[in-house]
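Read through the structure below, which is laid out as structure tokens, and then see the notes.
Each reported figure results from applying straightforward, stated rules to the coordinates on display, with no laboratory input. Small disclaimer: the values here were computed from a predicted structure and weren't measured. Reconstructed Cβ throughout: ideal geometry from the backbone, glycine too, with neighbour counts over all protein chains shown.
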Amino acid sequence: MTDIVPFVRIVFVLLVMTVPFYFLVLNKIIGVLKNKYPQKYIELGKPSLFFNNSPENGMNLLGFVFSKDGINDADLNNYKLIAKIFLIGDFAVFIPLFIYIVLHSFLRII
């Protein structure tokens, strides 16, 4: 069972390294919305990464990233695609890693 530990560490480090890029892309999306589409930005609750970051605003922004909003902006659509890839990829790595850690800890206790 200990032979998987180095793999888990590498996966965890890669996960930690990708999250800042996801936030960078979200910040780009927020910037495009704020500067080019202020009405949509207001509709989403004026989201930001840290300030005015309520659960509702976060869910609105996440919903916007995964929606077909009708805004025909190549940069915005590219940022949305990159954000989706990062988010789905991070969850695809995080969930099995989390399950492994929990099961490993649980079985160790028993």
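Let's see how each residue does on (1) touching a residue at least 12 places away in the same chain (Cβ under 8 Å); (2) basic (Lys, Arg); (3) within 30 Å of Arg9 (Cα to Cα):
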| residue | (1), (2), (3) |
| --- | --- |
| Pro38 | no, no, no |
| Lys68 | no, yes, no |
| Ile71 | yes, no, no |
| Lys84 | yes, yes, yes |
| Leu97 | yes, no, yes |
| His104 | yes, no, yes |
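Here Lys28 passes the criteria (1) exposed (fewer than 11 other Cβ atoms within 10 Å of the Cβ); (2) of a type outside the set (Val, Ile, Thr); (3) more than 30 Å from Leu107 (Cβ to Cβ) except the one numbered (1). I need the full set of residues from segment 8-26 which are in contact with a helix residue (DSSP H, G or I) (Cβ under 9 Å, 6 or more places away or on another chain) and more than 27 Å from Val102 (Cα to Cα), in order please. The answer is Val25, Leu26.
Cβ-Cβ distances below 6 Å connect the following pairs, each with a first residue in segment 44-64 that is farther than 13 Å from Ala83 by Cβ, a second residue that is part of a helix (DSSP H, G or I) and of a type in the set (Phe, Trp, Tyr), and a separation of six or more residues or different chains: Leu44/Phe64. Among the residues of segment 70-109, those that are of a type in the set (Gly, Ala, Ser) and loosely packed, with under 12 Cβ neighbours inside 10 Å comprise Gly70, Ala74, Ala92, Ser105.
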